[in-house]
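See structure below.
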Amino acid sequence: MELLLVKRAQRGDTEAFIRLMDRHRLSLYKVAKSYLKNEEDIADVMQDTILSAYEHLKDLKQAAYYKTWITRILINRCIDLLNEQRRSIPASLDEILEEHSRDYPADDQGFYDLLSELPEEIRPIFLLYYGEGFRTREIAEILDLNENTVKSRLKRGRQKLKRSICC
């Protein structure tokens, strides 16, 4: 079904594109939330992602990789925004996390609290793996990393969480 929607959207079917975006909206929101924390920034990044996906959907070579492709666009937009903010506001990601932790939905608070325990380089991997169900190979593609790097960061993150929970 999804493959059909992607192909229809690539041929210019706006309704198919809207249905695709509706299917992935929550997933994209969660990924953006792991990077940004501020609801206004998340809304801006998601809007930019949707616009970019709409404009470049015909460039997607394999429709089966739509979710990976759009998630990568979103992550790039998040990173661009963070870099822009770091240049203009001297705040660390930890300060941003702390300041906006109240913005998390109550049912996800525990998951995001655990994510905040992890080093910045491991957080998106955990979110994509445990929160969104991506495989390590897909995460490697999305984040432009070696698959073994993804696996080792998952292992390191699990060890860190185990130490922080147990002791």
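Restrict the check to the range 126-149 and report whether at least one residue is β-branched (V, I, T) and not in a helix (DSSP H, G or I). Checked the range 126-149: no residue is β-branched (V, I, T) and not in a helix (DSSP H, G or I). Could you please tell me which pairs satisfy a Cβ distance under 9 Å, a separation of 6+ or placement on different chains, a first residue in the range 53-64 that is open to solvent by less than 80 Å² (accessible area, probe 1.4 Å), and a second residue that is part of a loop (DSSP other than H, G, I, E, B) and not small (G, A, S)? Close Cβ pairs satisfying both conditions: A53/L60.
Applying the set (1) open to solvent by 40 Å² or more (accessible area, probe 1.4 Å); (2) modelled with pLDDT under 75; (3) of a type outside the set (D, E, K, R) to S116 leaves exactly one unmet item: (2). Within the range 132-146, residues that are closer than 18 Å to Y29 by Cα have Cβ atoms under 8 Å from residues that are at pLDDT 90 or above and assigned to a loop (DSSP other than H, G, I, E, B) in these pairs: I139/L145, counting only partners at least 6 apart in sequence or on another chain. When the criteria are applied in full, I42 fails the requirement of being surrounded by 14 or more Cβ atoms within 10 Å (Cβ to Cβ) and free of Cβ contacts under 8 Å to residues at least 12 places away in the same chain.
Go through the residues of the range 22-33 one by one and say whether even a single one is surrounded by 13 or more Cβ atoms within 10 Å (Cβ to Cβ) and more than 17 Å from the chain's Cα centre (by Cα).
Let us first name the residues in the range 22-33 that are surrounded by 13 or more Cβ atoms within 10 Å (Cβ to Cβ), namely 23-24, 27-33.
This time we only want the ones that are more than 17 Å from the chain's Cα centre (by Cα), so: none.
No.
A Cβ distance below 8 Å, combined with a sequence gap of six or more or placement on separate chains, defines the contacts here; from the range 156-167, residues that are under 18 Å from F111 (Cβ atoms) reach residues that are modelled with pLDDT of 80 or more and part of a helix (DSSP H, G or I) in the pairs G157/I125; G157/F126. Of all the residues in the range 127-138, those that are within 10 Å of the chain's Cα centre (by Cα) and either modelled with pLDDT of 90 or more or over 16 Å from W69 (Cβ atoms) (or both) number 2.
Residues in the range 87-97: is at least one among the acidic types (D, E), farther than 19 Å from R163 by Cβ and modelled with pLDDT under 50? Checked the range 87-97: at least one residue is among the acidic types (D, E), farther than 19 Å from R163 by Cβ and modelled with pLDDT under 50.
The values are calculated or read from the model by the stated rules, or taken from the named source; none is laboratory data. No experiment lies behind these values; they were computed from the predicted model shown. Methodologically, a virtual Cβ is constructed for each residue, glycine included, from the backbone with ideal geometry; neighbour enumeration extends over all protein chains shown. Note: accessible area is taken over every heavy atom of the protein model, side chains too, but ligands, DNA and RNA are not part of it. Shrake-Rupley method; radii C 1.70, N 1.55, O 1.52, S 1.80 Å.
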